[in-house]
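Engineer: Below you'll find the structure I mean.
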Amino acid sequence: MPGSLFKQGTSKKVTNVVSGVHQNYPVKFFYYEYMTGSRKDSQQFEYTVAEITFLDILPNIAVKGFKVIRTWPLLPGQKKLSMGYAFDKRFSVYVPEDFEIEAFQIFTPDVMEDFISKASFINFEFIGTKLYVVENHYITNARDLTRFFEIVKYLLEKVAPRLMRLSRDVRAMQEAIKS
């Protein structure tokens, strides 16, 4: 899996995979865990993850909720972007150089307000053709699982169309950077 979350630790494990399609987007929900350290200094990290697959490339953007940040590495070349005081109090947004405008096209004031009210406990990462939505523990009750599903549904209905409009621009920018 391409997300930066999946690049750390040892003894990595994906369990309880449920997959389907919502509005023509393949979606997987699963538990993910890994270990850090060794023996008595080891620590286990557990997450509930939604993986949404898009048909085209997305900008590499990470959105980390302040309530849930753990040691989760950034991708090379990402920098912190200020989105505005209210949003910055609850989230950190990291984008590649020269992708600031695209981030503001995705995170419009209405989307940022919705994130603040509905998703301040979640981390998001857009990378390649994937969007990962991550909660920092295993969700084990119906109320929290429903809330998590609603966030994924919101992203597919409200944010996905914006991402798809940007995909040609993202591809062109990435080609220009490679040259």
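Engineer: Here is a list: 59, 76. Which entry is outside any strand (DSSP E or B) and without any contact (Cβ under 8 Å) to a residue 24 or more places away in the chain? Reasoning before the result, please.
Structural biologist: Values: 59 fails: without any contact (Cβ under 8 Å) to a residue 24 or more places away in the chain.
Sole residue among the options that is outside any strand (DSSP E or B) and without any contact (Cβ under 8 Å) to a residue 24 or more places away in the chain: 76.
Engineer: Here's another thing I want to ask about it. Scan the stretch 140-151 and tell me whether some residue there is surrounded by 13 or more Cβ atoms within 10 Å (Cβ to Cβ), modelled with pLDDT of 65 or more and under 20 Å from residue 103 (Cβ atoms).
Structural biologist: As a first pass, look at the stretch 140-151 and keep what is surrounded by 13 or more Cβ atoms within 10 Å (Cβ to Cβ): 144-145, 147-149, 151.
Restricting the remaining residues to those that are modelled with pLDDT of 65 or more gives 144-145, 147-149, 151.
Pick out the ones that are also under 20 Å from residue 103 (Cβ atoms) and you get 151.
Scanning the stretch 140-151 turns up at least one residue that is surrounded by 13 or more Cβ atoms within 10 Å (Cβ to Cβ), modelled with pLDDT of 65 or more and under 20 Å from residue 103 (Cβ atoms).
Engineer: Can you find a residue in the stretch 24-32 that is over 17 Å from the mean Cα position of the chain (by Cα) and surrounded by fewer than 19 Cβ atoms within 10 Å (Cβ to Cβ)?
Structural biologist: Taking the stretch 24-32 and keeping what is over 17 Å from the mean Cα position of the chain (by Cα), we get 24.
Cutting the leftovers down to surrounded by fewer than 19 Cβ atoms within 10 Å (Cβ to Cβ) gives us 24.
Yes, the conditions are met somewhere in the stretch 24-32.
Engineer: From (1) modelled with pLDDT of 90 or more; (2) open to solvent by 20 Å² or more (accessible area, probe 1.4 Å), pick out the condition that doesn't hold for residue 47.
Structural biologist: (2)
Engineer: If you take the residues in the stretch 50-70 that are open to solvent by 70 Å² or more (accessible area, probe 1.4 Å) and not charged (D, E, K, R), which one is modelled with the highest pLDDT?
Structural biologist: Narrowing the stretch 50-70 to residues open to solvent by 70 Å² or more (accessible area, probe 1.4 Å): 55, 66-67, 69-70.
Adding the requirement that they be not charged (D, E, K, R) leaves 55, 66, 69.
On the way: 55: 84, 66: 73, 69: 50.
Filtering first and then ranking leaves 55.
Engineer: While we're looking at this one, here's another question. Using the structure shown, decide if residue 86 is exposed (fewer than 14 other Cβ atoms within 10 Å of the Cβ), touching a helix residue (DSSP H, G or I) at 6+ places or on another chain (Cβ under 7 Å) and of a type outside the set (Val, Ile, Thr).
Structural biologist: Numbers: exposed (fewer than 14 other Cβ atoms within 10 Å of the Cβ): yes; touching a helix residue (DSSP H, G or I) at 6+ places or on another chain (Cβ under 7 Å): yes; of a type outside the set (Val, Ile, Thr): yes.
So residue 86 fits the description; yes.
Engineer: So, in the stretch 27-57, exactly how many residues are within 20 Å of residue 122 (Cβ to Cβ) and not aromatic (Phe, Trp, Tyr)? Full working, then the answer.
Structural biologist: Residues of the stretch 27-57 that are within 20 Å of residue 122 (Cβ to Cβ), as a first pass: 27-34, 45-54.
Retained after the next criterion (residues that are not aromatic (Phe, Trp, Tyr)): 27-28, 33, 46, 48-53.
Of the residues in that region, 10 qualify.
Engineer: Which of the residues belonging to the stretch 92-108 are under 11 Å from residue 81 (Cα atoms) and in contact with a strand residue (DSSP E or B) (Cβ under 8 Å, 6 or more places away or on another chain)?
Structural biologist: 92, 93, 94, 95, 96, 97, 99, 100, 103
Engineer: Sticking with this structure for a sec: Can residue 114 be described as at pLDDT below 75 and either open to solvent by 40 Å² or more (accessible area, probe 1.4 Å) or touching a helix residue (DSSP H, G or I) at 6+ places or on another chain (Cβ under 8 Å) (or both)?
Structural biologist: No; evaluated as a whole, the condition is false for this residue.
Engineer: Among the residues of the stretch 31-56, count how many are of a type in the set (Gly, Ala, Ser) and not in a loop (DSSP other than H, G, I, E, B). Even if it seems obvious, please write down each step before you answer.
Structural biologist: Going residue by residue through the stretch 31-56, those that are of a type in the set (Gly, Ala, Ser) are 37-38, 42, 50.
Filter again for not in a loop (DSSP other than H, G, I, E, B), leaving 50.
Count: 1.
Engineer: Between a first residue in the stretch 82-96 that is in a loop (DSSP other than H, G, I, E, B) and a second residue that is surrounded by 12 or more Cβ atoms within 10 Å (Cβ to Cβ) and of a type in the set (Ser, Thr, Tyr), which pairs have beta carbons less than 6 Å apart while being 6 or more apart in sequence or on different chains?
Structural biologist: 90/120
Engineer: Which of (1) open to solvent by less than 10 Å² (accessible area, probe 1.4 Å); (2) touching a strand residue (DSSP E or B) at 6+ places or on another chain (Cβ under 7 Å); (3) of a type outside the set (D, E, K, R) does residue 14 not meet, given it meets every other one?
Structural biologist: (1)
The values are calculated or read from the model by the stated rules, or taken from the named source; none is laboratory data. These numbers come from a predicted model, not from an experiment. Cβ: placed from backbone, ideal geometry, glycine included. Neighbour counts: every protein chain shown. For accessibility, only protein heavy atoms count, side chains too; no ligands or nucleic acids. Shrake-Rupley method; radii C 1.70, N 1.55, O 1.52, S 1.80 Å.
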